[in-house]
Amino acid sequence: KNNRKSNCILFNNISIVDCRETFVSRFTMSCASILSRRVLIQKPVVASLRNTTTRAFAAQSSAASSQQQKKQWNGVNGGFASMAAATLGVCSAATMALCDATKEDHKKNITHGSYIQATSPEKILEEEVSDITQDERRLEEAAIRAKKHAGGLKLFSGNGNLTLSMDIARALGINLGKATVARFADGEVNIQIHENVRGKDVYVIQPTCPPVNDNILELLLMVSTLNRASARRITVVIPYYGYARQDRKMQARVPISAADVARLLEAMGIDRVIAVDLHCGQIQGFFGPRVPVDNLDGGIVGIDHFGAMDLHNPVIVSPDAGGVYRAKKFKEGLAHKYSMVDTGLAMIIKQRARAGAVDKMDLVGDVKDCDCIIVDDMIDTAGTICKAAAVLKEKGARRVFAFASHGLLSGPGNERIAQSKMEECVILDTIPSSPQREANEKLVVLSVAPLLAQTIFNIHAKKSISALFK
């Protein structure tokens, strides 16, 4: 114990000189060197440890004097040091051997696929095999990303189109907000919000379709209620904008109802408007600069439907001069997305005797032996579109289809389509369906919910909306 000189021991017939401080330092550095070289060159651990230990001890031994090498380890101190060195060497070798065995077992498990690997939820979603379409998968991923935000997204709906609202909520992966939108005994609208909306971004889905006045009043009162409940931002989603056709004065002493509805909504304190295929683009200007309006192109849904069909010499037809730009965008969408570069464009000039009644129609363009698609923003009584289909058939059209974002089908509209010369009439579900529509074999209803859900997500996540239509 009191011996401060170097002491010599024999360990596996190896001469070891132990200067306590120097030996510990050298041996520790040697073990670290073993581990690093073992990983890099995959050298057997036991042999490497033995060789490196020998070199470490030999280096220290060569530094000692010849007289110190002749002295023997004396007393308990020598026995204890010998036992500690032996134990340290054996344990180190055993530990390295155990690491080798563990690594080999790990390799075998990886080879046979019997190991468990930590995987992120995003990777599980990518590798999951399901029957959902690519668009639905994209919306699911978007909904997962939306949930990572602050949780300030609230979705409410009036009675205008509850089915569409539920489809949008399902696409976003959230629940509709709890609210009462009912009537008192005298017919007045009863609104009550049953959730906390303080500081939240609220989206109210309410088309102002028939009954127009009831739906508009519900929307106004819901916006007022949410503002009084301290909602941070209110965005109204209006798939169908009522009173849109009264957008200018065509004669004396008539209102510009589209502008008046816009001023009512703005006075209630809305922050943003999302609409689908406004009858006229200038309606966006009826709202002030503090209320941006996103006018979504519903034609993008119809493009996917007709792009999957086998069309012969397709021609896009506008039923009036005001819809030529809409028909041209539809044509460009087919050419860009489905390589229908030879798609033609035609126009019908109509002369109205009065509102809702067409007196005469003239065709501009060639439709002989072509599949024609009549593109319009809405179908009300279906008088114009059915008569346009008859004119196209008279001019030699092979087949006639129709597409409109809003299918009002007021009065005899549904029967006219069923008895028309059209092969198919495609509309969006911006307006609630009815049993009579579902019984019409020529009527096809496409869902606009994925488009609206993606738009709501992009606005909430502060992303671009125009990228959806490129």
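The values are calculated or read from the model by the stated rules, or taken from the named source; none is laboratory data. This one's a predicted model, so the numbers in the text were calculated from it and none came from an experiment. Virtual Cβ from ideal backbone geometry, glycine too; neighbours counted across all protein chains shown. Side chains included, ligands, DNA and RNA excluded: accessible areas come from the protein's heavy atoms. Shrake-Rupley method; radii C 1.70, N 1.55, O 1.52, S 1.80 Å.
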Of a type in the set (S, T, N, Q) and at pLDDT below 95: does that describe Thr119?
yes
Name the one entry in Leu226, Leu217 that is of a type outside the set (S, T, N, Q) and closer than 26 Å to Asp377 by Cα.
Leu217
Would you check if Met378 is closer than 28 Å to Asp135 by Cβ and either assigned to a strand (DSSP E or B) or among the polar types (S, T, N, Q) (or both)?
yes
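If you go through segment 386-409 one residue at a time, how many are more than 27 Å from Lys368 (Cβ to Cβ) and either surrounded by fewer than 24 Cβ atoms within 10 Å (Cβ to Cβ) or without any contact (Cβ under 8 Å) to a residue 12 or more places away in the chain (or both)?
Residues meeting the conditions: 1.
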When segment 234-254 is examined, which residues are found to be assigned to a loop (DSSP other than H, G, I, E, B) and open to solvent by less than 70 Å² (accessible area, probe 1.4 Å)?
Pro239, Tyr240, Tyr241, Gly242, Ala244, Asp247, Ala252, Val254
In segment 423-442, anything surrounded by 17 or more Cβ atoms within 10 Å (Cβ to Cβ) and in a helix (DSSP H, G or I) is listed as Arg437
Please find, among Pro412, Pro450, the residue that is within 18 Å of Ile300 (Cα to Cα) and either open to solvent by 50 Å² or more (accessible area, probe 1.4 Å) or of a type outside the set (Lys, Arg) (or both).
Pro450
Looking only at segment 258-275, and only at residues there that are in contact with an Asp or Glu (Cβ under 8 Å, 6 or more places away or on another chain) and among the small types (Gly, Ala, Ser), the one that is surrounded by the most Cβ atoms within 10 Å (Cβ to Cβ)
Ala275
Quick check: is even one residue across segment 196-208 part of a helix (DSSP H, G or I) and farther than 20 Å from Arg263 by Cβ?
no
Out of the residues in segment 401-422 that are part of a loop (DSSP other than H, G, I, E, B) and in contact with a helix residue (DSSP H, G or I) (Cβ under 9 Å, 6 or more places away or on another chain), state the one that is farthest from Val212 (Cα to Cα).
Lys421
Checking Val445 against (1) in a helix (DSSP H, G or I); (2) closer than 24 Å to Ser157 by Cα; (3) modelled with pLDDT of 95 or more, which test does it fail?
(1)
How many residues are buried (at least 18 other Cβ atoms within 10 Å of the Cβ) and in a helix (DSSP H, G or I) if we restrict to segment 276-295?
2
Run down Leu217, Leu221 and say which single residue is in contact with a strand residue (DSSP E or B) (Cβ under 6 Å, 6 or more places away or on another chain), modelled with pLDDT of 95 or more, under 26 Å from Ser405 (Cα atoms) and open to solvent by 20 Å² or more (accessible area, probe 1.4 Å).
Leu217
Would you check which residues across segment 330-346 are in contact with a helix residue (DSSP H, G or I) (Cβ under 7 Å, 6 or more places away or on another chain) and either at pLDDT 95 or above or open to solvent by less than 70 Å² (accessible area, probe 1.4 Å) (or both) and list them?
Phe330, Gly333, Leu334, Met340, Thr343, Leu345
What's the number of the only condition in (1) closer than 26 Å to Leu139 by Cβ; (2) at pLDDT 95 or above; (3) not basic (Lys, Arg) that Ile174 fails to meet?
(2)
Residue match in segment 397-414 (condition: over 40 Å from the mean Cα position of the chain (by Cα) and modelled with pLDDT of 95 or more):
yes
From Asn190, Asn175, Asn159, grab the single residue that is assigned to a strand (DSSP E or B) and polar (S, T, N, Q).
Asn190
